[in-house]
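> Below is one structure. I have some questions about it.
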Amino acid sequence: MKLTLERAKELNDAQVTQEHLVLHAKNVMYAMGAMADYFGEDREHWMAIGYLHDYDYEKYPDEHLQHTEKELLAQGVDEADVRAILSHGWGICSDVKPETNLEKSLFTVDELTGIIQACARMRPHGITDLELKSFMKKFKDKKFAAKCDRSLIQSGCEMLGMEVSKAAEICIEGMKPFAADIGLLGTE
Ligand SMILES: [Fe+2]
């Protein structure tokens, strides 16, 4: 059975407790929901994968994704879903290459949502009035949120056959309705 959001939350919440990591899981979850809508795919399923994607990171930050495959299979998660999760670390801490649109989207939005979050956090109204144009300015400014790897996002978008600005637009608009849940209502 495909991973449900309920099950993803059960599994992740049992292991991931740090607030910034929970927020990251939610950011990726909403961005994946928006990407699923764009591709006409199963929104809940993509959100579930997004929520669970960093399952082992809090416990094993230096061995990220090495404690995911066996553990999730033992919890009854489908092989295809485990594969999707492993592929988000392709070239960094995994040799599973993203092949499907779900996998390519996860690979891309993991990093992309980091810049969106950083950008929205500095604004009085957070993500709620963040426009694509201002986001792209920050994206092109390499000194802004310097830890977010633009080249990863670019290669993810190339795999998807999508401009970075398109992926950013989908994610920003997809995250906006959930601004309160992801702590991005702004500084005011
Ligand atoms: Fe992540």
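The values are calculated or read from the model by the stated rules, or taken from the named source; none is laboratory data. Please read these numbers as outputs of a predicted model, since none were measured by experiment. A quick note on method: Cβ atoms are made from the backbone with ideal geometry, for glycine too, and the neighbour counts reach across all protein chains shown.
> Only one of these conditions is not met by K147: (1) at pLDDT below 95; (2) on the phi > 0 side of the Ramachandran plot. Which number is it?
Result: K147 fails condition (2) only.
> Separate question: Return a yes/no flag: does segment 72-80 have any residue that is out of contact with any helix residue (DSSP H, G or I) (no Cβ under 6 Å at 6 or more places or on another chain), under 20 Å from L152 (Cβ atoms) and surrounded by fewer than 22 Cβ atoms within 10 Å (Cβ to Cβ).
Scanning segment 72-80, I find no residue that is out of contact with any helix residue (DSSP H, G or I) (no Cβ under 6 Å at 6 or more places or on another chain), under 20 Å from L152 (Cβ atoms) and surrounded by fewer than 22 Cβ atoms within 10 Å (Cβ to Cβ), so the answer is no.
> Considering only segment 75-102, how many residues are of a type in the set (S, T, N, Q) and more than 15 Å from the ligand (Cβ to nearest atom)?
So the count comes out to 3.
> Could you check segment 10-19 and list, in sequence order, the residues that are closer than 12 Å to D54 by Cα and not polar (S, T, N, Q)?
L11, D13, V16, listed by residue number.
> Out of everything in segment 13-58 that is within 11 Å of the ligand (Cβ to nearest atom) and aromatic (F, W, Y), what residue ends up being nearest to F107 (Cα to Cα)?
Across segment 13-58, the extreme among qualifying residues is Y51.
> Taking interchain pairs and intrachain pairs at least six residues apart, which have beta carbon atoms under 6 angstrom, with the first residue in segment 19-45 and over 13 Å from L102 (Cβ atoms) and the second charged (D, E, K, R) and within 13 Å of the ligand (Cβ to nearest atom)?
L21/E58
> Is it fair to say G186 is on the phi > 0 side of the Ramachandran plot and crowded, with 18+ Cβ neighbours inside 10 Å?
No: the conditions fail for G186.
> Of all the residues that make up segment 46-78, how many are aromatic (F, W, Y) and either within 21 Å of E99 (Cβ to Cβ) or part of a helix (DSSP H, G or I) (or both)?
3
> With the condition kept exactly as written, say whether any residue in segment 164-180 is charged (D, E, K, R) and crowded, with 17+ Cβ neighbours inside 10 Å.
yes
> Do you know which residues across segment 31-54 are of a type in the set (F, W, Y) and buried (at least 24 other Cβ atoms within 10 Å of the Cβ)?
Residues satisfying the conditions are W46, Y51.
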